[in-house]
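Written below as structure tokens is the structure these notes are about.
The values are calculated or read from the model by the stated rules, or taken from the named source; none is laboratory data. These numbers were taken from a predicted model, which means no experiment stands behind them. Here the Cβ positions follow ideal geometry from the backbone for every residue, glycine too, while neighbour counts run over all protein chains shown. Keep in mind that these areas ignore ligands, DNA and RNA; they rest on the heavy atoms of the full protein, side chains included. Shrake-Rupley method; radii C 1.70, N 1.55, O 1.52, S 1.80 Å.
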Amino acid sequence: MLKADLDAIRGLSDKQHLSARDVRAIDVGPVFAPPLAGLAGSDVAAQLSAATEKITAALGEVAGRIDTLAQTNRQAADTIGIADDAYAHNIKATLNLAP
């Protein structure tokens, strides 16, 4: 018999959306600000500035993928009424709902 804990899947989706928001909120600028200020106008500063932009873009990409996963889980919970017990158990364990 197959069963799904749809509330657990929805809860997982909510946590994933929150994680995506947290990833988007990461600001790498302050990490590079001191060396950028001290090396202003240098090739190193230009490389650090480029790295900051690339890291910010990569974090945005990761956040987008997390949101896509969250949306997929939400759609699964909303449209599919069954899943196997192991999947439901693993989701509960991820959410710390089961021992």
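With only Lys, Arg, Asp and Glu charged, each at its Cβ (+1 for the first two, -1 for the last two), find how big the charge dipole of the chain is about the Cα centre; round to the nearest 20 debye.
Here the size comes out at about 80 debye.
Heavy-atom accessible area of S49 with all protein chains present, probe 1.4 Å, nearest 10 Å²?
50
Please give, to one decimal in nm, the separation of the simple spin-label points placed at A45 and Q71, each 7 Å out from Cα toward the Cβ.
Modelled inter-label distance: 4.0 nm.
Quick one, which of [x] 1.26; [y] 1.32; [z] 0.98 is the actual Rg/Rh (Cα atoms, Kirkwood Rh) calculated for this model?
Structure-derived value, by its label: [x].
Which value, in Å² rounded to 10, gives the accessible area of E61 with a 1.4 Å probe and all protein chains present?
Surface open to solvent at E61 totals about 100 Å².
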